[in-house]
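Report on the following structure.
The values are calculated or read from the model by the stated rules, or taken from the named source; none is laboratory data. It should be emphasised that the depicted structure is a prediction, and the values quoted were computed from it without experimental measurement. Cβ atoms come from the backbone with ideal geometry, glycine included; neighbour counts cover every protein chain shown. Keep in mind that these areas ignore ligands, DNA and RNA; they rest on the heavy atoms of the full protein, side chains included. Shrake-Rupley method; radii C 1.70, N 1.55, O 1.52, S 1.80 Å.
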Amino acid sequence: MITIHIVGDGPRDKATVPLLAERILGIRIDATFKAWSTFRAGPCERRLKFAARAALDAGVPRLIATVDTDKDAFGEKLKKLRHARSQDTKCNGLVQIALGEAVPHAEAWLLDDQVAVREALHLPLGTDIPSTRNEKDPKQALEDLRRIGDRGGDPILEVLADIARRLDPVRCSRAQHTGFHSFQQELETAFRNLAADCGADCQCGNECP
């Protein structure tokens with residue numbers, strides 16, 4: 001198990017991003033989470049520097065930071081975050097940072113694995129799962145599907161976490177377009193050595209090197 005500090009937009013990211021990282025890296029993660037809104041106002045690249053310092057001060061030299069595209073062009077926020085990461089002379093080399101930009105938001109990453117969605121929502125086998133190719137509002141699409149299954153009364157965060165827990169990156173056919181492929185590459189680059197030291201599907205329950 002490795003401890004990683006995670007920064008995201010709110011409760012939905014807190015519920016899903018650690019599990020998605022576990023699925024990508026194949027190891028257990030003990031996540032600490034902060035919302036972007038807890039840092040000083042300003043552009044996301046400035047907040048990234050504050051987040052890196054917060055992780056370093058907390059003794060957790062590993063950080064995952066995710067953002068949604070919202071109304072920005074795909075790749076715009078990610079480019080700025082990567083520049084901020086490379087220019088942060090105080091934390092550069094001291095904090096390993098992986099970045100992700102979801103298009104339009106992280107629910108698109110979940111919706112892209114139709115098998116995980118169908119299993120987590122207990123949907124009939126023939127239920128049509130919208131493709132992220134045409135779906136402009138993955139949040140609403142997942143909400144609509146939740147009502148079709150038998151989980152309409154379950155807390156949405158619990159439902160989203162169950163999808164993330166089942167997600168297989170290999171099944172995400174639109175990962176290039178949702179930003180998930182780039183996120184996967186960032187994680188594997190930043191934490192490859194940690195994953196190798198811990199071992200695939202680690203269940204040790206201890207803090208790995």
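Points to keep in mind about this one:
- Of the helices (runs of 4 or more DSSP H) entirely within the stretch 139-209, those holding at least 1 residues that are touching a strand residue (DSSP E or B) at 6+ places or on another chain (Cβ under 6 Å) and at pLDDT below 95 occupy 180-198.
- Condition check for Gln185: within 13 Å of the chain's Cα centre (by Cα) and free of Cβ contacts under 8 Å to residues at least 40 places away in the same chain: yes
- Counted residues, the stretch 27-44 - those being surrounded by 14 or more Cβ atoms within 10 Å (Cβ to Cβ) and under 24 Å from Arg192 (Cα atoms): 7
- Lys79 satisfies every condition listed in (1) over 14 Å from Ala51 (Cβ atoms); (2) surrounded by fewer than 18 Cβ atoms within 10 Å (Cβ to Cβ); (3) touching a residue at least 12 places away in the same chain (Cβ under 8 Å); (4) not aromatic (Phe, Trp, Tyr) except (3).
- When the criteria are applied in full, Arg62 fails the requirement of being open to solvent by 80 Å² or more (accessible area, probe 1.4 Å) and touching a helix residue (DSSP H, G or I) at 6+ places or on another chain (Cβ under 8 Å).
- For the stretch 82-118, a residue qualifies if it is more than 20 Å from the chain's Cα centre (by Cα), in contact (Cβ under 8 Å) with a residue 12 or more places away in the chain and farther than 28 Å from Lys71 by Cβ, and the qualifying residues are Lys90, Cys91, Leu94.
Residues are listed down the side, and each one gets a yes or a no for (1) within 27 Å of Met1 (Cα to Cα); (2) part of a helix (DSSP H, G or I); (3) at pLDDT below 95; (4) among the β-branched types (Val, Ile, Thr):
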{"site": "Lys34", "(1), (2), (3), (4)": "yes, no, yes, no"}
{"site": "Ala41", "(1), (2), (3), (4)": "no, no, yes, no"}
{"site": "Ala55", "(1), (2), (3), (4)": "yes, yes, yes, no"}
{"site": "Lys71", "(1), (2), (3), (4)": "no, no, yes, no"}
{"site": "Lys77", "(1), (2), (3), (4)": "no, yes, yes, no"}
{"site": "Leu94", "(1), (2), (3), (4)": "yes, no, yes, no"}
{"site": "Pro104", "(1), (2), (3), (4)": "no, no, yes, no"}
